[in-house]
Amino acid sequence: MTQVILFILGCCLGSFYCLIAERVPQGKSILSPASHCPYCRQRLSFYELIPLLSITTQQFQCRSCFKQLPIIYFISELAGGFLCVFCFAQGLHPSSLYLFLFLSMGLLLSLTDCFYLIVEPRIFYSFSITLLAWQLWCSFSLHLAAGLIISLFLCGLNKLFPQAIGGGDILLLGCWSLLLGWESILLLLFSASTSALLYSMTQQLLFRKRITQLPFVPFLTIGLFSVFLFK
């Protein structure tokens, strides 16, 4: 029963994360206006705001203009549900809160990357400073060598192949390397690269879609989840 409640609360949180990821990069308030259709701007009724259920019963369409709603809304709610179950299934502890903050950072930045192909600076720096302060307060190790070497390597890669990796991804990986260390960051990169490659191959072979720009932060977040799952 506890896990069901956590999942429901997490789905609500995932819906809110989606709103944050849509509005913050545009400099809009997350409080007003109320949730509305991204196309016709019609305000959503309470029964259109039920996580997972509303969008599926509406067949991923707006009730007013009937335009197809992005599947990222559904994915965000589902991911939020699993995130809360994963982090708090064993209770509310400092370690579970730290895990929740870390994975929330990944989820929010994944959403901004999907919407706008950016690593939103306000979200990135807010979470990075909080996690760094937490790490220092708990006397956890900071992996300075890993953070520096990974950052320099990726900057060099960016100079040689400007389209290979974005500046935001470099900042994110540098920060996570500093917090996680060599073993974890290498597992993260392997998981992220493998999942991104599988996704690209699936899109090309099954759906005949040629991918020109791929948001990489969602795959980095899959790698981050793999790190915490195996650790």
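Name the pairs: first residue in the range 34-53 and in contact (Cβ under 8 Å) with a residue 12 or more places away in the chain, second residue of a type in the set (S, T, N, Q) and part of a loop (DSSP other than H, G, I, E, B), Cβ to Cβ under 8 Å, at least 6 apart or on different chains?
Sorted first by the residue in the range 34-53, then by its partner, the pairs are CYS37/SER64; CYS40/SER64; GLN42/SER64; GLU48/GLN58; LEU49/SER35.
Restricting attention to the range 62-83, which residues are within 15 Å of SER110 (Cα to Cα) and crowded, with 21+ Cβ neighbours inside 10 Å?
Within the range 62-83, TYR73, SER76, GLU77, ALA79, GLY80, LEU83 qualify.
Name the residues in the range 172-228 that are polar (S, T, N, Q) and in contact with a helix residue (DSSP H, G or I) (Cβ under 7 Å, 6 or more places away or on another chain), would you?
SER177, SER184, SER191, SER195, THR221, SER226
Which of (1) free of Cβ contacts under 8 Å to residues at least 40 places away in the same chain; (2) farther than 17 Å from SER110 by Cα does LYS231 not meet, given it meets every other one?
(1)
Considering only residues that are surrounded by 14 or more Cβ atoms within 10 Å (Cβ to Cβ) and not aliphatic (A, V, I, L, M), look in the range 43-61 and name the one that is nearest to ILE123 (Cα to Cα).
Checking each candidate, the answer is PRO51.
Taking only the range 24-48 into account, find how many residues are farther than 16 Å from LYS67 by Cβ, basic (Lys, Arg) and modelled with pLDDT under 80.
0
Restricting the first residue to the range 3-32 and requiring it to be farther than 22 Å from GLU120 by Cα, which pairs with a second residue that is surrounded by fewer than 16 Cβ atoms within 10 Å (Cβ to Cβ) meet a Cβ separation below 8 Å and a spacing of at least six or different chains?
Within 8 Å, the pairs are GLN3/ALA89; LEU6/ALA89.
Mind listing whichever residues of the range 156-179 are more than 20 Å from the chain's Cα centre (by Cα), of a type in the set (A, V, I, L, M, F, W, C) and surrounded by 13 or more Cβ atoms within 10 Å (Cβ to Cβ)?
Selection gives LEU157 alone.
Being more than 19 Å from PHE225 (Cβ to Cβ) and out of contact with any Cys (no Cβ under 7 Å at 6 or more places or on another chain) is true for just one of CYS138, CYS84, CYS114. Which residue is that?
When all the criteria are applied, what remains is CYS138.
Out of curiosity, is SER96 at pLDDT 95 or above, surrounded by 14 or more Cβ atoms within 10 Å (Cβ to Cβ) and under 20 Å from GLY10 (Cα atoms)?
Working: at pLDDT 95 or above: no; surrounded by 14 or more Cβ atoms within 10 Å (Cβ to Cβ): yes; under 20 Å from GLY10 (Cα atoms): yes.
So SER96 fails the test.
Being of a type in the set (A, V, I, L, M) and modelled with pLDDT under 85, is that true of even one residue in the range 63-80?
yes
Which condition does ALA196 not pass, out of (1) in contact (Cβ under 8 Å) with a residue 24 or more places away in the chain; (2) in contact with a Pro (Cβ under 9 Å, 6 or more places away or on another chain), if it passes all the others?
Only one criterion is unmet by ALA196, namely (1).
The values are calculated or read from the model by the stated rules, or taken from the named source; none is laboratory data. What you see is a predicted model, and the numbers here were worked out from it, not measured in a lab. Methodologically, a virtual Cβ is constructed for each residue, glycine included, from the backbone with ideal geometry; neighbour enumeration extends over all protein chains shown.
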